[in-house]
Amino acid sequence: MPELARAAWSRRLLLALLLAPALLWLSLLIVLPHLDLALLSFRERIAPRQFVPSLAQYRTFFTEPLYWHVFLRTALMSAGATALTLLVAFPIAWTIAKLARGRMSALLFVVCLIPFWVSETVRTLGWMILLRESGVLPQLLVHLGITAQPVELLYHDATILVGLVYTSLLFMVVPLVGSLESLDNALIEAAYDLGAKGGAILREIVIPHAAPGITAGCIVVFMLTLGNYLTPTLLGGKNSLWFTEQIYNQFITRFNWEQGAAFGFLLLALSTAMVWFGLKASGQRFSDVMRRT
Amino acid sequence: MSATASASSAPADLEARAVSKRFGAHLAVDNLSFAVARGSFFSILGPSGCGKTTLLRMIAGFIQPDGGSIAIGGRDMAGVGPNRRPVNMVFQQLALFPMMSVSENVAFGLARRGMARAERVRKAEAMLERVGLAGAGGKRTDELSGGQRQRVAIARSMVLEPTLLLLDEPLGALDLKLREHMKLELKQLQASFGTTFVYITHDQSEALVLSDHVGVMNHGHFEQLGTPQQLYYAPATPFVAGFVGNNNRVAGKALALEGALVQVGTAAGWSVRARAHGTIAVGSAVEAFIRPESAMLGRSAADFPPGQLAYTGEVLSLLFDGANSVVLLRELQSGQELRIALPQTGAYADLKVGDRIHFGFDPERAICFPAAAAHA
């Protein structure tokens, strides 16, 4: 009996040791700073070095139209970017999972991965070189006689969307390939044999089967997009009006940490709400979806 | 090669004319022609890789033939997609839709035809009742047993009232007991629906039990097309003789001709008489096939009719399997090994390994082919 108890105890110790790095990481680098930020967001400075608990930071968000306009715009554009990414990634994932064979399929995967060997900053600066007024693409348009003057392609909402889709593509393709590969081709053939056309097969067979993968990809891409700072700021310039930029401004430019912390929590609440809503709307369970990512 | 699978004058539901399909250097289906009469059960029997799956997929429309034509219900199917053919298929792994209930599975094809929901549900329920699954419509497909899943797959196709139902080795995934049961059920279902079934299998027993006509396929062409009885009692080629049912294959030379009979001698010096198939010259290489159940056993040489060759053998092993029991014998002089069915009377129930016993064959029930005709 003591033999057994000792074995159980050492097994528990082993488990604790294995989990220790992850638990330390979570508690020290994520949970603790967030607790501190939460405390920050619920206080107000009434005099130098004098603070009182208050909801003033959250009140400012709702009374100042710029803040919640930017907030809403960020949410809508992120949702739009996620939808666009899904539309672009689906045919790519289908090609990799169902059409390409062996080496070809691996090669296509690598092609999707290659942009991520370069840092996001360099990639985005590359886009700027292509799109700015004196850049490659506007010059080409003039050269081909499509536009008389070089046009500024940077600093548009569409430019931000293109950049966000490009950055997010891989994170949508990976879960989609996983869920499409597990789809038995015989199911598609059976549906075809029973009289279904392409649209009905996609709607009735492929999408229901791939739903956990689609939801997983959408959650990841939405979170990445919502929290992205570099791409909207560089490609959208001053007009980008991205909510992370507001948070940055509060912390770094205005040195108003209380306001920045409140904004941070509002963004966290938004992404949580959107994920919850997305899961409800698609009828997926969180645990099933997470297994796909 | 051209043949019609029916002697009657019923119109053909399926007619293939000179159909060919090539994958690279491999000729999967070689200039194949046949017809299947309305309401009959037709099987394509062959070893794996013989081209039967390719043939079935061409009938279903998943692949296009390189040459020749396929007509279904009298209509040429060139350029008609699988979703527009009056043909449905029961897949090898059944391919039931796991994201749908049993009832939705059965109603899937009806929905694609634009049938109203209430009508669809009613028809699906009626079809489920017909295959003995009344009330199972609300279940998920993984809640069903193997046999029930089988019936859902058939119901899903039959509810569309196809001209032709294709079945791609649907019993392969079932265990032996259930397979025997489903064989019977499939035959009854076919009889009650009256639909033309085209069934592919590598299992000769399935083909013999189920079919009105069987095409034995090898290397992309039919070796023989006929009723199960014709295949069994009058095989047209050595391949059919070896593939359909059990057979003792004896390779040797033609020693002498006696009317329609050939005396076959093996290299080890054993000789047996068999009915000649085709023209056989004395001295040419031949192969003879002797069914295990066509042999007679005797306690003494006097048990055999005069004029019949009788041999003495030693029992190598006994394979007791009820009505299908056989004994493996070694002929004493030449060492030739033979498989002989034990009579069901139990007369030889006391036989032991090592016993000596006499045996002989009715030469009319053994068949001899010229060896050069062998395709395999």
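Per-structure values
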{"quantity": "Computed label-point distance, nm, for sites A:T60 and B:A267 using a 7 Å Cα→Cβ extension", "calculated": "10.0 nm"}
{"quantity": "Percent breakdown of C-alpha pair distances by 5 Å bin, ordered from the shortest bin, for the stretch A:118-185", "calculated": "3, 15, 17, 17, 13, 10, 8, 7, 5, 3, 0"}
{"quantity": "Cα-Cα P(r), the stretch B:186-339, percent of pairs per 10 Å interval", "calculated": "9, 31, 32, 19, 7, 1"}
{"quantity": "MRE, 222 nm, helices only [DSSP H, n ≥ 4, -39500 (n - 2.57), over chain B, to nearest 500]", "calculated": "-6500 deg cm²/dmol"}
{"quantity": "Surface/4 estimate of mean projected area, convex hull on alpha-carbon atoms of the stretch B:179-277, nm²", "calculated": "8.3 nm²"}
{"quantity": "Part-to-part distance (alpha-carbon centres) for the stretch A:40-88 and the stretch A:147-221, which is given in Å", "calculated": "31 Å"}
{"quantity": "Pairwise label distance in nanometres, A:R291 with B:S145, each label 7 Å out on the Cα-Cβ vector", "calculated": "2.7 nm"}
{"quantity": "Approximate shape of the stretch B:227-272 as ellipsoid semi-axes (Cα gyration tensor, √5λ), whole Å, largest first", "calculated": "23, 13, 7"}
{"quantity": "Two-decimal ratio, the stretch A:186-244, of alpha-carbon radius of gyration to 2.2 N^0.38 Å", "calculated": "1.84"}
{"quantity": "Shielding score for A:183-191, defined as the mean number of other chain Cβ atoms within 10 Å", "calculated": "6"}
{"quantity": "Long-range amide H partners of B:A173 with built H, under 5 Å", "calculated": "none"}
{"quantity": "Amide H partners (placed H, <5 Å) of B:L166, local residues excluded", "calculated": "B:N88, B:M89, B:V90, B:V198"}
{"quantity": "Paired Rg and Dmax values of the stretch A:56-292, which use every Cα atom, in angstrom", "calculated": "20.7, 66"}
{"quantity": "Ratio Rg/Rh [Cα only; Rh per Kirkwood] for the stretch A:18-111", "calculated": "1.25"}
{"quantity": "Phi-based couplings in Hz for the stretch A:93-105 (Karplus 6.51, -1.76, 1.60; Gly and Pro marked x)", "calculated": "4, 4, 4, 5, 7, 10, 9, 6, 10, x, 4, 4, 5"}
{"quantity": "Stokes-Einstein diffusion coefficient of the stretch A:1-159, Kirkwood radius over Cα pairs, 37 °C, 0.692 mPa s, in µm²/s", "calculated": "144 µm²/s"}
{"quantity": "Alpha carbon Rg of the stretch A:150-283, scaled by the compact-globule rule 2.2 N^0.38 Å", "calculated": "1.40"}
{"quantity": "Projected label distance in nm at A:A8 and A:L137, using a 7 Å step from Cα toward the beta-carbon", "calculated": "6.5 nm"}
{"quantity": "Packing-based exposure ordering (other Cβ within 10 Å, fewest first) of B:M296, A:M290, B:M127", "calculated": "A:M290, B:M296, B:M127"}
{"quantity": "Normalised per residue, the volume of the convex hull around the Cα set of the stretch B:34-82 (Å³)", "calculated": "94 Å³"}
{"quantity": "Exercise: per-residue mean of other protein chain Cβ atoms within 10 Å, B:92-98", "calculated": "5"}
{"quantity": "Shape category assigned to the stretch B:311-376 from the gyration tensor of Cα positions, a/c cut at 1.5", "calculated": "prolate"}
{"quantity": "P(r) of chain B over all Cα-Cα pairs, binned every 10 Å from zero, in whole percent", "calculated": "5, 20, 25, 21, 15, 9, 3, 0"}
{"quantity": "Relative contact order (percent, whole number), chain B, Cα cutoff 8 Å, 6+ residue spacing", "calculated": "15 percent"}
{"quantity": "Along principal axes, Cα extents of the stretch B:22-167, largest first, whole Å", "calculated": "49, 30, 28"}
{"quantity": "Kirkwood hydrodynamic radius over Cα pairs of the protein assembly as shown, then Stokes diffusion coefficient at 10 °C and 1.306 mPa s, in µm²/s", "calculated": "49 µm²/s"}
{"quantity": "Förster radius 22 Å - calculated FRET efficiency between A:Y229 and A:A79, Cβ distance, rounded to 0.05", "calculated": "0.75"}
{"quantity": "From phi via Karplus (6.51, -1.76, 1.60), per-residue ³J(HN,Hα) for the stretch A:191-200 in Hz, x at Gly/Pro", "calculated": "5, 4, 5, 7, x, 7, 9, x, x, 5"}
{"quantity": "Solvent-free Debye scattering, log10 I(q)/I(0), computed from the Cα coordinates of the stretch B:81-171 at q = 0.11, 0.12, 0.20, 0.24 Å⁻¹", "calculated": "-0.26, -0.32, -0.92, -1.32"}
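Where a number appears in this text, it was derived from the coordinates with a stated rule and is not lab data. Everything quoted here is computed from the prediction, not taken from an experiment. Positions of Cβ are generated from backbone atoms using ideal geometry, with glycine treated the same way; all protein chains shown enter the neighbour counts.
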